[in-house]
1. Of the conditions (1) open to solvent by less than 90 Å² (accessible area, probe 1.4 Å); (2) not in a helix (DSSP H, G or I), residue 32 fails just one. Which one is it?
2. Condition first: open to solvent by less than 90 Å² (accessible area, probe 1.4 Å), polar (S, T, N, Q) and either assigned to a helix (DSSP H, G or I) or closer than 29 Å to residue 1 by Cα (or both). Now tell me which residues in segment 35-85 satisfy that.
3. Working only within segment 86-125, note down all residues that are open to solvent by 70 Å² or more (accessible area, probe 1.4 Å), out of contact with any helix residue (DSSP H, G or I) (no Cβ under 6 Å at 6 or more places or on another chain) and not in a helix (DSSP H, G or I).
4. Any residue at all in segment 9-24 that's touching a residue at least 40 places away in the same chain (Cβ under 8 Å) and over 30 Å from residue 122 (Cα atoms)?
5. So which of 27, 32 ends up being of a type outside the set (Phe, Trp, Tyr), touching a residue at least 60 places away in the same chain (Cβ under 8 Å) and over 30 Å from residue 116 (Cα atoms)?
Amino acid sequence: MPKGLLTILMLIVSNVFMTFAWYGNLKLTEMKINTDWPLILIILSSWGVALLEYAFLIPANRIGSQINGGPFSLMQLKILAECISLTVFTVIVATVFKNEPIKWNHFVAFGFIILAVVFAFMKTE
């Protein structure tokens, strides 16, 4: 599998875990599962999920970085990761958090993010 594609797939998996680490506790609260948990338990459980995020994020960055023979500069890798992060977040919000509507201004914001990726990958030399 090409390094660029592997990097993107690993970043997607990483961001699924990241989104659930950061926002999954809100869904659990909404479902009345963790309403009486102490904050430290919520933090520790989120850290456990975040560990899985890092298990994919770190190798994705190593595989994708030009420093290790990958196809992406550090700036390209970061901008790509942010675009993937927001895309994964939006899909999860739209499917898991049904009370959070996606509005027209969110689509405009995504358009600008996609433009950021386009500009990051433009040849400047």
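The values are calculated or read from the model by the stated rules, or taken from the named source; none is laboratory data. Quick caveat, the model's predicted, so the values are computed rather than measured. Neighbour counts are summed over all protein chains in view; Cβ atoms, including those assigned to glycine, are modelled from backbone coordinates with ideal geometry. For accessibility, only protein heavy atoms count, side chains too; no ligands or nucleic acids. Shrake-Rupley method; radii C 1.70, N 1.55, O 1.52, S 1.80 Å.
1. Exception for residue 32: condition (1).
2. Scanning segment 35-85 gives 45, 46, 61, 65, 68, 73, 76, 85.
3. The answer is 98, 99, 101, 103, 122, 123, 124, 125.
4. Yes, segment 9-24 contains at least one residue that is touching a residue at least 40 places away in the same chain (Cβ under 8 Å) and over 30 Å from residue 122 (Cα atoms).
5. On the way: 32 fails: touching a residue at least 60 places away in the same chain (Cβ under 8 Å).
Just one listed residue meets the conditions, 27.
Listed here are the residues, each with its yes/no results for (1) at pLDDT 95 or above; (2) of a type in the set (Gly, Ala, Ser).
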{"site": "64", "(1), (2)": "yes, yes"}
{"site": "81", "(1), (2)": "no, yes"}
{"site": "89", "(1), (2)": "no, no"}
{"site": "92", "(1), (2)": "no, no"}
{"site": "101", "(1), (2)": "no, no"}
{"site": "104", "(1), (2)": "no, no"}
{"site": "112", "(1), (2)": "no, no"}
{"site": "120", "(1), (2)": "no, yes"}
{"site": "125", "(1), (2)": "no, no"}
